[in-house]
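A.B. asks: If you scroll down you'll find the structure; I have some questions about it.
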Number of protein chains: 4
Amino acid sequence: MGFSIGHQLRLTLFGESHGPAIGFVLDGLPAGLKISKEETAAWMERRRPAQSIFTTQRRERDDVIFLSGLREDHTNGGAVSGVIYNQDVISKHYDEIRDNPRPGHGDLTMFLKYGEWRPYEGGGFLSGRMTAPIVAAGSICLQVLNRAGIEIVSWIEQIGEVRCDHGPPQGQDGAYAFDTRMPDGECDARASLLLRDTLSEGDSLGARIATEVRGVPAGVGDPIFDSVEGEIARFMFSIPGLKGIEFGRGFGFAGSKGSEVVDEIFLEDGIFRTRSNNNGGILGGITNGMPIRFDVVMKPTSSIRKPLRTVNLKTGEEKTLRVVGRHDPCIGIRAVPVVQTATAIVLLDILLRDLGPGFLRALEEGHEEPED
Amino acid sequence: MGFSIGHQLRLTLFGESHGPAIGFVLDGLPAGLKISKEETAAWMERRRPAQSIFTTQRRERDDVIFLSGLREDHTNGGAVSGVIYNQDVISKHYDEIRDNPRPGHGDLTMFLKYGEWRPYEGGGFLSGRMTAPIVAAGSICLQVLNRAGIEIVSWIEQIGEVRCDHGPPQGQDGAYAFDTRMPDGECDARASLLLRDTLSEGDSLGARIATEVRGVPAGVGDPIFDSVEGEIARFMFSIPGLKGIEFGRGFGFAGSKGSEVVDEIFLEDGIFRTRSNNNGGILGGITNGMPIRFDVVMKPTSSIRKPLRTVNLKTGEEKTLRVVGRHDPCIGIRAVPVVQTATAIVLLDILLRDLGPGFLRALEEGHEEPED
Amino acid sequence: MGFSIGHQLRLTLFGESHGPAIGFVLDGLPAGLKISKEETAAWMERRRPAQSIFTTQRRERDDVIFLSGLREDHTNGGAVSGVIYNQDVISKHYDEIRDNPRPGHGDLTMFLKYGEWRPYEGGGFLSGRMTAPIVAAGSICLQVLNRAGIEIVSWIEQIGEVRCDHGPPQGQDGAYAFDTRMPDGECDARASLLLRDTLSEGDSLGARIATEVRGVPAGVGDPIFDSVEGEIARFMFSIPGLKGIEFGRGFGFAGSKGSEVVDEIFLEDGIFRTRSNNNGGILGGITNGMPIRFDVVMKPTSSIRKPLRTVNLKTGEEKTLRVVGRHDPCIGIRAVPVVQTATAIVLLDILLRDLGPGFLRALEEGHEEPED
Amino acid sequence: MGFSIGHQLRLTLFGESHGPAIGFVLDGLPAGLKISKEETAAWMERRRPAQSIFTTQRRERDDVIFLSGLREDHTNGGAVSGVIYNQDVISKHYDEIRDNPRPGHGDLTMFLKYGEWRPYEGGGFLSGRMTAPIVAAGSICLQVLNRAGIEIVSWIEQIGEVRCDHGPPQGQDGAYAFDTRMPDGECDARASLLLRDTLSEGDSLGARIATEVRGVPAGVGDPIFDSVEGEIARFMFSIPGLKGIEFGRGFGFAGSKGSEVVDEIFLEDGIFRTRSNNNGGILGGITNGMPIRFDVVMKPTSSIRKPLRTVNLKTGEEKTLRVVGRHDPCIGIRAVPVVQTATAIVLLDILLRDLGPGFLRALEEGHEEPED
């Protein structure tokens, strides 16, 4: 279990890091939505390894080959599916890993749950590589949301000790102007310096990723078990290495007084708004029309140059492991487009439930017809 | 939507704060599990208002009346259901609220989504009162887990500026020795002082609640979309006022280096363990046998004595609201047993999927038979 | 498991035949839909025992006490829930049954699955009594569908050797003019005669129940695993004693030639129609705008005066059982309103997914407002 | 929606009849189960077109290319996925169909629901071709069940007016000895004669397919909404052209007296059995240990040589359609392996829920280890 999520919009993944291919099935998109494959390719590129010196040097094109669900770049009503072939797979790097679980990775838990037939190479289906089909599917949802006037911005707010409080970058894709996915040049410069040092030490860094969603209608989402927060949180924890999520002021609430953080209500141009947005746009599980705001934290890459102690699964002997494979000094950087597009999947599912497929079809009015 | 959660163990809630009753249906427990209604009553008492000066003075017994699923304190294989009648309901307190949404509450979002027929009194089904049936159902699951050797401890680590790093209290119920649910007397004294001051100011405080789960078998849970973290997180966000969750070192990872936080592996008495537990017992979505550790944050009660500005829903005029109803200075205190028992529901669902119902039935071997 | 069903509209049942109460939770109705409790009471009456000499003489009022989800007869956006208290419960009738499973009932399978703690009295949660909350919930859905111009008619087409091919009765409630739920007086007279004979012999009869749904929009439902046929079928098999379902010409297709049964298409007033309706209004899992037509079969009541051989669960000895309790000569008769209202639940779920909640809210336009 | 089904074992399909490929994702198989790809290939062969003169002459190898979930023919714990490339696709045959929906097919309903971007060629995702990945996934489940001592036999009981009451064929694969999938040579001869005549007339025939499952443990399955009958029925209706299902005596119950059909209980070698099996092995939704027995009906192929009247979607003009594509005279024949393997998917899901993954792992004890 674990390969499917969603209610009205259901995403299923398949594949393993070092198998022939990984892919996705996205079921629930109404027919007639325009989808740009180029746009999807651009998003794949943002998640792709070897983008900069700060991401692993494994070279993969990550081309999405669509197998169903589209006719001439429009959804046809069926499940949209696609595969990404695994290239540049060097399994011998992983020979040692089979018997010596890497600390901080899922190697040991994979062995404990699945035993000797597990796909240990490169983390198998626990690998960060499984986020590639998430980005592919999410880029489709994001396109649809964009046309509905919804914009999702993600960026890095903190890498190690470098924290940037400058707020979101310019525009939905603003962070991709910088290798560090920080929101502006100044923060990027500081983070770059730190990352270079960390790389040269063979160490890694954690990161905090911020997301802001603008344009979500007020009054969508459900209370209690289907809250917008709960739905987003559940999906986010599918991202390997993500260990926390907070909405609005989040953990800052613990040290706050009510009088400092209650979001007072006012009316602006006939729209209810709040003077502050400590609740991150969600109250009672339901959107209030303010931007949705949440942060997630990514732990530092566990694969570092420093020797780490582990135990051989067959002999039970202690073993010191020096990881060799190709890895990122800060997996948070490549997680940015994953968080961003994953948010699109969750929100589109929520909108489909609350507004019905009709609101999406209305977006496509006056569209071109299929060719003869 | 929003009233059901779970896979093999499915919880459904019903009711509203000021309706005749609230209740739960818990479907998926195998037959023959021993359940103590007294134990459930004890848990209800821990969540109940008017427990101390730090919780709202609304007086309700919160007796759970079981309607199905039990025969002489054993599960009978059917859905276990129960109702809790709402008593001491003073709806007139809420007349003003109908038209003047309280800032920080779900009043406005409830109006935006559900319109004029919504149950605005006391927050309706967005009320913290909906956590009473969660505790009822969760107390049943916790009993079952306890007999399987699993213990869940929750306590308050932080209230406002008082932070307590003393670790968990003694035993599963240790925190209930103290009105503040802090883990020991010293922390309790400090927090009590702060709470008294806050009460006298008519203000409120946020809180951080820690949870530690011991005895969960290694190798349970699923990767990707059904990760242990994702399942716990999704349930936690059903608790009104909860705005963040982190596992293990959580947001502390953002400022960390990999070399400081990778959990090295060793073998102790034939069991794999890690020297540190920064990952909170979960890697790749699956348990590694170390204690599961997570923190959640609860925002300060939004109902405070300070006048708050809002907008009248009918006239659109600005309005200053002074909340009168009965409320807690720190809702985090009463959320402790909710977090604790909710964790039990999620974990029992996971165990049922991974180990099958049989492992639970095995716990009851040598049990007494039903009376003639 | 087994107590919940549905996607956007989720029904959860609880209770046992001889426990204190049975009930339902219906989650997913948009706010503001008008619901008549009297209409629900009328449907409960149609399913109620002791309606005529052809139904069991157990006397229960089956009053539905709503616990949530309504404000002044309008849905309030939360889960609608209700309980029906079990009255007139004579458990001593069932003492013998505990150890001697009644042939044809679920007594043995309940023992095999749930063991000694099972609620054997009156069939527990396998009892036909569990259909009472289905009717309660379904009557709500049917009211909503009726206002959307959708009518669901169910009637008995066959009881034992009496078959009636006169087509549907007049109007949605037409069959309730007759004790036998046959569509007209002539068929009713023939069936009554047969039922009287059967009663006097202490025997029972099977039945075939037909259902016709008019006014369902064309183009709703989903292909493959969420087909309209599959959704209806899955729900129908929750009715105890129901052993088959067929759509349109159903099993008659087996002996047919394609040339005889293909439904040719024509246009009438701008609407696509078919000259015949052998497919029962559904093709490819999706409605085509013709009436949905399906039949189900109910087996004869297994509780008959004739002595039946069984085996004592404790001693393993053969035992001859003469059933004493109060029962129907043809359970098919009381199943008619169950089939009818259950169909409403399934269809409303499908419409909510395909058309969104908005189409329902539009039905209520110009409605009255809540009282001050 | 419509591309996923299942609880603990979840099947997702993707693809369209005339797209590049169709495929499946099967999530929930425990690691370490032995799977023979040759066995899967053999099942694909049984469903494959052009097997005999009685099946369409479209020639496709239907090779399943596994993309994940296996290591050296053992499940690895992840989702098993596979694709089948569409070959021999002649889309020009379908040019006429785009605007002129074929009576009896889903062409019109696909247009009504999905509009102009739908994949009309060959029925798109409403095509019988979507059953190929069902057979692929089901053949895996069937192998697992077989090792657990469970055997599923399907065969044709009736084609048109030829009915065969000889009972099941010899062994699980017995029906495949005959082109007509009848259980023995005599019935096969009669059915062949009829089919030849029908072919020469350019007509088609319906069929009744019987299934018997032996070796399912008693006491599995759930009551009410997750009954074994309901689960099987829901899956079966995903098969295009299937219009009815009945368990045990099924519709024959309508004309029966209780005294004739109640299955009396006896004990044989310590096992509860029933003297007759009118209930088809299921009571109260739960298995009683007798063989599970159900019949489904397949309508005649709608594509026949006889001209059929339809309406042009663009002009609204009546049109007479003469179908040219390659088709089966009796789609029931090729549906036999689909019904059989689909049953395996449903039952394995039920067993996983009731017995847990452990019972499957126990089957593999003493198995070989992965190669170094």
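The values are calculated or read from the model by the stated rules, or taken from the named source; none is laboratory data. The structure displayed is predicted, hence computed values, not measured ones. Using ideal geometry, Cβ is built from the backbone for each residue, glycine included, and neighbour counts are taken over all protein chains shown. Side chains are part of the model used for accessible areas, which takes the heavy atoms of the whole protein and leaves out ligands, DNA and RNA. Shrake-Rupley method; radii C 1.70, N 1.55, O 1.52, S 1.80 Å.
A.B. asks: Considering only residues that are in a helix (DSSP H, G or I), within 14 Å of chain A (Cβ to nearest Cβ) and among the acidic types (Asp, Glu), which ones fall in region B:180-219?
C.D. replies: Correct list: B:Asp197, B:Glu201.
A.B. asks: Could you check region D:288-299 and list, in sequence order, the residues that are more than 22 Å from D:Ile159 (Cβ to Cβ) and within 7 Å of chain C (Cβ to nearest Cβ)?
C.D. replies: Matches in region D:288-299: D:Asn288 only.
A.B. asks: Just to be sure, is D:Phe251 in a helix (DSSP H, G or I), under 27 Å from D:Val153 (Cα atoms) and either among the β-branched types (Val, Ile, Thr) or without any contact (Cβ under 8 Å) to a residue 60 or more places away in the chain (or both)?
C.D. replies: yes
A.B. asks: Residues in region D:184-197: is at least one hydroxyl-bearing (Ser, Thr, Tyr) and out of contact with any Asp or Glu (no Cβ under 8 Å at 6 or more places or on another chain)?
C.D. replies: No, region D:184-197 has no match at all.
A.B. asks: Within region D:270-287, can you find the residues that are surrounded by fewer than 17 Cβ atoms within 10 Å (Cβ to Cβ) and either modelled with pLDDT under 95 or at the interface with chain C (Cβ under 7 Å from one of its Cβ atoms) (or both)?
C.D. replies: Answer for region D:270-287, where residues must be surrounded by fewer than 17 Cβ atoms within 10 Å (Cβ to Cβ) and either modelled with pLDDT under 95 or at the interface with chain C (Cβ under 7 Å from one of its Cβ atoms) (or both): just D:Gly270.
A.B. asks: With respect to D:Lys243, is the statement that it is open to solvent by 20 Å² or more (accessible area, probe 1.4 Å) and either under 24 Å from the mean Cα position of the chain (by Cα) or farther than 20 Å from C:Gly248 by Cα (or both) true?
C.D. replies: It is false that D:Lys243 is open to solvent by 20 Å² or more (accessible area, probe 1.4 Å) and either under 24 Å from the mean Cα position of the chain (by Cα) or farther than 20 Å from C:Gly248 by Cα (or both).
A.B. asks: Specify the residue that is most open to solvent (accessible area, probe 1.4 Å); the eligible residues are those in region C:111-135 that are under 25 Å from C:Arg47 (Cα atoms) and within 7 Å of another protein chain (Cβ to nearest Cβ).
C.D. replies: C:Leu126
A.B. asks: Tell me which residues, restricted to region B:8-22, are assigned to a strand (DSSP E or B) and either out of contact with any Leu (no Cβ under 8 Å at 6 or more places or on another chain) or at the interface with chain C (Cβ under 7 Å from one of its Cβ atoms) (or both).
C.D. replies: B:Arg10, B:Thr12, B:Leu13, B:Phe14, B:Gly15, B:Ala21
A.B. asks: Same structure, new question: Out of all the residues in region D:303-311, is one or more among the polar types (S, T, N, Q) and touching a helix residue (DSSP H, G or I) at 6+ places or on another chain (Cβ under 7 Å)?
C.D. replies: Within region D:303-311, not a single residue is among the polar types (S, T, N, Q) and touching a helix residue (DSSP H, G or I) at 6+ places or on another chain (Cβ under 7 Å).
A.B. asks: Considering every residue within region D:148-167, establish whether at least one is within 14 Å of another protein chain (Cβ to nearest Cβ), touching a helix residue (DSSP H, G or I) at 6+ places or on another chain (Cβ under 7 Å), over 22 Å from D:Val338 (Cβ atoms) and open to solvent by 30 Å² or more (accessible area, probe 1.4 Å).
C.D. replies: So far as region D:148-167 goes, yes, one or more of its residues are within 14 Å of another protein chain (Cβ to nearest Cβ), touching a helix residue (DSSP H, G or I) at 6+ places or on another chain (Cβ under 7 Å), over 22 Å from D:Val338 (Cβ atoms) and open to solvent by 30 Å² or more (accessible area, probe 1.4 Å).
A.B. asks: Taking D:Arg234 and the conditions (1) assigned to a loop (DSSP other than H, G, I, E, B); (2) within 18 Å of C:Ile239 (Cβ to Cβ); (3) within 7 Å of chain C (Cβ to nearest Cβ), which numbered condition does it fall short on, given that it satisfies the others?
C.D. replies: Condition (1) is where D:Arg234 drops out.
A.B. asks: Here's another thing I want to ask about it. What's the number of the condition A:Ser154 fails, among (1) under 30 Å from A:Ala31 (Cα atoms); (2) polar (S, T, N, Q); (3) more than 17 Å from the chain's Cα centre (by Cα)?
C.D. replies: So A:Ser154 meets the others, but not (3).
A.B. asks: Considering only residues that are of a type in the set (A, V, I, L, M), assigned to a loop (DSSP other than H, G, I, E, B) and surrounded by fewer than 16 Cβ atoms within 10 Å (Cβ to Cβ), look in region B:26-64 and name the one that is modelled with the highest pLDDT.
C.D. replies: By that ranking, first place goes to B:Ile53.
A.B. asks: Which of the residues that make up region D:307-333 are crowded, with 24+ Cβ neighbours inside 10 Å and among the charged types (D, E, K, R)?
C.D. replies: Hit for region D:307-333 is D:Asp328, nothing else.
A.B. asks: Residue under question is C:Ile232, and the condition is that it be farther than 25 Å from D:Val261 by Cα, touching a Phe, Trp or Tyr at 6+ places or on another chain (Cβ under 9 Å) and buried (at least 24 other Cβ atoms within 10 Å of the Cβ); does it hold?
C.D. replies: yes
A.B. asks: Could you say whether any residue in region A:175-186 is free of Cβ contacts under 8 Å to residues at least 40 places away in the same chain, farther than 17 Å from A:Asn288 by Cβ and in contact with a strand residue (DSSP E or B) (Cβ under 8 Å, 6 or more places away or on another chain)?
C.D. replies: yes
A.B. asks: Is it true that B:Lys257 is within 7 Å of chain A (Cβ to nearest Cβ), among the basic types (Lys, Arg) and open to solvent by 10 Å² or more (accessible area, probe 1.4 Å)?
C.D. replies: When the stated conditions are applied, B:Lys257 passes them.
A.B. asks: Could you run through region A:93-110 and say how many residues are of a type outside the set (Asp, Glu) and in contact with a Phe, Trp or Tyr (Cβ under 9 Å, 6 or more places away or on another chain)?
C.D. replies: Matching residues across region A:93-110 total 6.
A.B. asks: Give me the pairs, please: first residue somewhere in region D:23-52 and more than 10 Å from chain A (Cβ to nearest Cβ), second residue anywhere and of a type in the set (Ser, Thr, Tyr) and part of a loop (DSSP other than H, G, I, E, B), beta-carbon distance under 7 Å, and either six or more positions apart or on two chains.
C.D. replies: D:Pro49/D:Thr55; D:Pro49/D:Thr56; D:Ala50/D:Thr56
A.B. asks: List, please: which pairs have Cβ atoms under 8 Å, are six or more places apart or on different chains, and start with a residue in region A:300-311 that is facing chain B (nearest Cβ under 7 Å) and end with one that is part of a strand (DSSP E or B) and among the β-branched types (Val, Ile, Thr)?
C.D. replies: Listed by first residue and then by second, the contacts come to A:Leu308/A:Thr320; A:Arg309/A:Thr320; A:Arg309/B:Ile265; A:Thr310/A:Thr320; A:Thr310/B:Ile265; A:Val311/B:Ile265.
A.B. asks: Just to be sure, is B:Asp222 over 19 Å from the mean Cα position of the chain (by Cα), outside any strand (DSSP E or B), crowded, with 24+ Cβ neighbours inside 10 Å and within 7 Å of chain A (Cβ to nearest Cβ)?
C.D. replies: Considered against the rule, which asks whether it is over 19 Å from the mean Cα position of the chain (by Cα), outside any strand (DSSP E or B), crowded, with 24+ Cβ neighbours inside 10 Å and within 7 Å of chain A (Cβ to nearest Cβ), B:Asp222 comes out as yes.
A.B. asks: Criterion first (at the interface with chain D (Cβ under 9 Å from one of its Cβ atoms) and at negative phi) does C:Pro103 satisfy it?
C.D. replies: Taking the combined requirement at face value, the residue satisfies it.
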